[in-house]
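Step one of this worksheet: look at the structure below.
The values are calculated or read from the model by the stated rules, or taken from the named source; none is laboratory data. Worth saying up front: this structure is predicted, and the values here are computed from it rather than measured. Methodologically, a virtual Cβ is constructed for each residue, glycine included, from the backbone with ideal geometry; neighbour enumeration extends over all protein chains shown.
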Amino acid sequence: MKILLLSPQSGDDVANSIIQQIPFMKWRKSAALVPPLALVTVAALTPPEHEVYIHDEHAHGPVEPILEENNYDIIGISMIANELNRTLSIAEFCKKKELRGRVVVGGAGTAHLPRQLRQFMDTVFFGEAEDTWPQFLKDFKEGRQKSHYQQISKPDMSTSPIPRWDLIRNDLPASAGVYGAGAVQTTRGCPYDCAFCDVIYIYGRKPRTKPIEQVMEEIRILEAMGMRDIFIADDNFAGTRRRAKELLRELVKLNNSFKVPIRFMTQADISISCDEELLELMADSNLIDILVGIESINKDSLKDLHKSQNVRLDVHEAVRKIQSYGIAVMASMIIGADSDDRSTFKRTADFVKEVNITDHSCHPLVAPSGTKIWYQFRREGRLVVIDKESRDKFDILTNIIPKQMTRVELIEGLIDYWETVFDPLHYMERAIGFIKGVKRKPRVKQAKLRSIWNHRKMLVRMFWYFLVQATPDHREAFFKTFGAALRSAPYMLSQIIFLHIRFMIFHTRYKISAKLAREHLAWERSHPDEVQVADRSVPIPREVKESAREIFAAAYGRVRKRVSDRETLYKVVIESMVDYIDRFGESFQQLDEHHRGYINESCDRTIAHTSLPEASATCDLPVESPPPGFEREILDRLDQTFRIREAGTA
Ligand code: B12
Ligand code: SF4
């Protein structure tokens with residue numbers, strides 16, 4: 001069979017394809033920050049009897065001309081939440097043209113695919129595809145493929161094969177100019193529980209790790225294919241610290257064995273700042289930039305967002321500590337939590353200045369569907385229905401109504417914030433501050449100047465741009481920062497150039513974001529009545545009702561072990577089920593292991609705060625399975641509970 005795997009490019013993408021807008025990078029016909037790791041992974045999961053082709057729209061433009069050849073049996077789209085409109089338009093195109101290929105969709109974004117839109121796809125994949133994709137191909141061959149596949153338990157990452165980079169070999173070398181960096185994933189999942197984050201629902205709370213030898217092999221392959229920078233695409237690289245150190249020890253050795261060490265970037269939580277050994281290993285692996293979810297400088301907002309790991313420490317100190325090892329901190333911030341007000345913008349900008357943040361993103365709080373805050377805002381009547389046109393403007397607009405600001409004030413505040421923080425001279429001061437704050441020179445093979453040579457084509461254009469074409473403030477920022485590194489830390493030159501490119505990326509990105517946000521604000525101001533608040537009710541979805549027997553039995557089994565009083569048992573089960581439906585109702589397909597884990601935790605939590613009567617000697621409740629009528633009774637009482645709750649919040 002011929003399979004086309006494709007990555008859609010949203011017209012509103014201001015992240016992955018932003019590189020195409022940077023003045024000194026426009027020579028690239030089209031380009032993206034990172035290659036489609038999901039596609040090459042799914043390709044590697046495909047048995048060799050099939051032919052697989054890859055099309056990344058970020059790198060090669062619209063896919064329609066290729067689709068029109070009508071050459072494929074399966075057209076597989078990989079989507080994330082902000083690629084919904086483009087995914088739909090491709091699926092609709094395939095249907096309209098009556099192509100023979102079946103349209104299947106997978107990726108982190110399918111969790112956000114509204115039920116009514118799934119009709120345009122022949123099959124939808126929920127969750128990781130290590131088990132489900134091979135199963136689907138088998139079913140497809142036998143003509144009995146299903147309308148959806150869901151990974152039941154989180155796959156062991158050792159079953160995730162080495163990605164088929166060979167399929168996009170020509171695009172990979174840094175010299176080809178198509179991708180900014182390669183991608184390697186070493187873990188999935190995150191142990192934390194931030195209220196706005198869907199990582200834990202998609203990839204789980206227990207970090208799963210890829211065998212270290214395989215990670216090293218993947219890096220060797222990318223290096224041999226000419227990649228000079230690699231993004232470690234983990235949800236939280238240091239979710240399991242001991243393992244992260246083991247991996248880094250190997251990485252230090254491997255990277256020093258290359259003629260020119262690779263530069264790495266990744267994502268991790270702020271607690272890495274407490275572990276000096278880890279920071280040393282990171283720096284010595286040539287990990288030059290880490291995205292850290294700082295989210296807010298307001299402790300109350302951090303509490304609102306359940307970002308407990310950031311409440312426990314002094315964020316200023318933590319950032320300085322990481323930077324002192326020569327690792328730049330990319331601070332990811334959010335404004336709009338319930339404890340934020342209009343003063344938060346200035347306080348956040350002051351923080352970014354004080355701790356010399358080099359690269360930085362700041363967005364309105366968004367409530368992704370199914371997350372804790374999504375339910376909270378929906379229940380409180382503070383969730384807004386995002387109109388069709390704005391669906392892909394993820395992170396520019398928001399679907400919440402903040403508590404201490406209006407929606408308009410939130411977005412206006414952000415537009416001003418972006419203009420201040422991404423001003424070139426402001427950046428210059430921070431970058432120079434970062435250089436001065438480095439206390440330990442990373443022990444990386446001294447090939448950093450040679451690594452500049454690897455990027456010579458782009459560097460010539462970059463220097464020419466700043467010398468001749470750039471505005472005076474951009475010129476000053478570039479040359480003064482470069483000069484500061486040259487004078488006080490020449491070993492940082494390559495990193496400083498990298499950070500300047502990152503700055504230009506964010507500067508450009510937020511200029512476009514501000515324009516889009518202004519256009520939207522003009523509309524929202526003139527059509528206040530059309531901003532539609534989402535229905536507050538969180539009814540019991542049909543799919544949950546259909547699986548009620550199994551779900552309630554799971555809760556019953558857990559509670560019955562510790563509770564023998566009938567009424568208390570029913571109360572605990574109801575409370576846990578409300579919690580479970582709040583969390584998983586909207587995205588529910590079937591009861592998977594992750595759900596069972598959650599039900600167990602929820603039951604235990606509820607029992608812990610319930611005063612239990614003395615164990616009844618004459619308990620008539622069976623231990624193995626629920627008594628007859630249990631399912632009906634729980635459903636009725638749940639319905640009643642939801643109705644009362646809605647009335648209570650009206
Ligand atoms: C690298 C990365 C990026 C890169 C590049 C993204 C890219 N297009 O490749 C950059 C830095 C550019 C980026 C930007 C953004 N990202 Co990002 N990113 C990631 C990250 C860390 C790794 C992605 C990856 O390569 N994963 C490895 C692959 C193997 O995993 P996977 O994609 O889940 O694929 C598996 C399954 O989903 C499935 N699958 C995937 N596709 C398909 C297709 C088919 C047909 C099938 C059958 C199966 C299937 O099979 C795979 C194997 O199990 C993820 C987090 C994560 N854990 O994935 C966030 C993540 C994808 N990003 C996210 C977001 C929100 C964004 C931004 C909107 C952020 C922003 N504010 O700008 C932008 C959007 C940019 C864009 N248009 O692409 C969210 C998406 C949320 C969602 N539910 O959709 C994620 C999940 C992180 C999070 N929860 O916050 N991102
Ligand atoms: S630490 Fe990051 S990845 Fe982990 S739950 Fe919080 S926001 Fe999500």
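Details
- Residue list for region 292-318, restricted to those being touching a residue at least 60 places away in the same chain (Cβ under 8 Å), outside any loop (DSSP other than H, G, I, E, B) and within 16 Å of ligand 1 (Cβ to nearest atom): 293, 295
- Figure legend. Inter-residue proximity from region 13-39: first residues surrounded by 18 or more Cβ atoms within 10 Å (Cβ to Cβ), second residues modelled with pLDDT under 85 and among the aromatic types (Phe, Trp, Tyr), beta-carbon distance below 9 Å, spacing 6+ or different chains. Indicated pairs: 15/394.
- Within region 585-607, the set of residues being more than 21 Å from residue 126 (Cβ to Cβ) and not in a helix (DSSP H, G or I) is empty.
- Considering the conditions (1) within 25 Å of residue 161 (Cβ to Cβ); (2) surrounded by 22 or more Cβ atoms within 10 Å (Cβ to Cβ), residue 91 is excluded by exactly one of them, (1).
- Looking across region 576-594, the residues that are crowded, with 21+ Cβ neighbours inside 10 Å and either aliphatic (A, V, I, L, M) or at pLDDT 85 or above (or both) come down to 576, 577, 580, 581.
- Residue in region 300-345 that is nearest to the chain's Cα centre (by Cα), counting only those that are within 16 Å of ligand 2 (Cβ to nearest atom) and charged (D, E, K, R): 307
- Out of 443, 456, one residue alone is without any contact (Cβ under 8 Å) to a residue 12 or more places away in the chain and within 28 Å of residue 492 (Cβ to Cβ). It is 456.
- Restricting attention to region 388-420, the residues being among the hydrophobic types (A, V, I, L, M, F, W, C), under 10 Å from residue 342 (Cβ atoms) and either outside any loop (DSSP other than H, G, I, E, B) or under 23 Å from the mean Cα position of the chain (by Cα) (or both) number 1.
- Filter result (acidic (Asp, Glu), away from ligand 1 (no atom under 14 Å from the Cβ) and either within 30 Å of residue 370 (Cα to Cα) or outside any helix (DSSP H, G or I) (or both)) within region 164-198: none
- Some residue of region 350-371 being surrounded by 20 or more Cβ atoms within 10 Å (Cβ to Cβ), within 22 Å of residue 297 (Cβ to Cβ), more than 23 Å from the chain's Cα centre (by Cα) and not assigned by TED's automatic domain parsing to the domain that holds residue 81: yes
- Restricted to region 1-89, the set of strands (runs of 3 or more DSSP E) holding at least 3 residues that are in contact with an Asp or Glu (Cβ under 8 Å, 6 or more places away or on another chain) comprises 2-7.
- The one condition in (1) on the phi > 0 side of the Ramachandran plot; (2) surrounded by 21 or more Cβ atoms within 10 Å (Cβ to Cβ); (3) of a type in the set (Gly, Ala, Ser) that residue 61 fails to fulfil: (2)
- Restricting 322, 297, 290 to residues that are under 23 Å from residue 417 (Cα atoms) and either in contact with a strand residue (DSSP E or B) (Cβ under 6 Å, 6 or more places away or on another chain) or basic (Lys, Arg) (or both) narrows the list to 290.
- Search result, residues across region 199-241 that are near ligand 1 (Cβ under 10 Å from one of its atoms) and either in a helix (DSSP H, G or I) or more than 22 Å from the chain's Cα centre (by Cα) (or both): 199, 200, 201, 202
- Total residues in region 542-560, condition of a type in the set (Asp, Glu) and either over 33 Å from the mean Cα position of the chain (by Cα) or within 16 Å of residue 639 (Cβ to Cβ) (or both): 2
- When residue 525 is tested against (1) more than 26 Å from the chain's Cα centre (by Cα); (2) within 30 Å of residue 595 (Cβ to Cβ), exactly one condition is not met: (2).
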